[in-house]
Amino acid sequence: MYQLKPGGLAMIIGARTAAGRMNIGKSVELFGLCQPGERFINPVNGVETELPPGSARALWLVTGDVTAFDRQHGFAFVRAEYLLPLNNQHHTLEEDALQRV
């Protein structure tokens, strides 16, 4: 079991789109988990962005040496299952239980 947290680092390990596949293997910083219909200020270009309300799922906005679906450089939207946490963010259930004791 692992947790993705804003400000943490992760590696992109999968993608569904051709644009997303260009980012596989790259390390990124996690900015935030964006819910469908949520508006936020993109940290790379300063533009107010909205994840479409009809989106099927929440997506992580990540920053780094990555390219978005529209070829903008510096950020991308990634499904949680395609992110592998880095920097000791990976915890087993046993480690989590020990921390609670």
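The values are calculated or read from the model by the stated rules, or taken from the named source; none is laboratory data. All of these numbers come straight from a predicted model, not from anything done at the bench. Positions of Cβ are generated from backbone atoms using ideal geometry, with glycine treated the same way; all protein chains shown enter the neighbour counts.
A few comments on the model shown:
- Scanning the stretch 1-16 for residues that are at pLDDT 90 or above and more than 14 Å from Phe75 (Cβ to Cβ) yields Leu4, Lys5, Gly7, Gly8, Leu9, Met11, Ile13, Gly14, Ala15, Arg16.
- Strands (runs of 3 or more DSSP E) wholly inside the stretch 34-101 containing at least 1 residues that are more than 18 Å from Arg16 (Cα to Cα), at pLDDT 85 or above and of a type in the set (Val, Ile, Thr): 39-41, 48-50, 59-67
- Complete set of residues in the stretch 10-25 that are surrounded by fewer than 16 Cβ atoms within 10 Å (Cβ to Cβ) and either assigned to a loop (DSSP other than H, G, I, E, B) or touching a Gly at 6+ places or on another chain (Cβ under 6 Å) (or both): Ile13, Gly14, Arg16, Thr17, Met22, Ile24, Gly25
- Any pair with Cβ under 9 angstrom, 6 or more apart, that starts in the stretch 18-30 at a residue that is in contact (Cβ under 8 Å) with a residue 12 or more places away in the chain and ends at one that is in a strand (DSSP E or B) and charged (D, E, K, R): Asn23/Asp65; Lys26/Asp65; Ser27/Asp65; Val28/Asp65
- Within the stretch 17-45, considering residues that are of a type in the set (S, T, N, Q) and within 11 Å of Phe77 (Cβ to Cβ), the one farthest from the chain's Cα centre (by Cα): Thr17
- Tally of residues being in contact with a helix residue (DSSP H, G or I) (Cβ under 7 Å, 6 or more places away or on another chain) and loosely packed, with under 15 Cβ neighbours inside 10 Å across the stretch 56-71: 1
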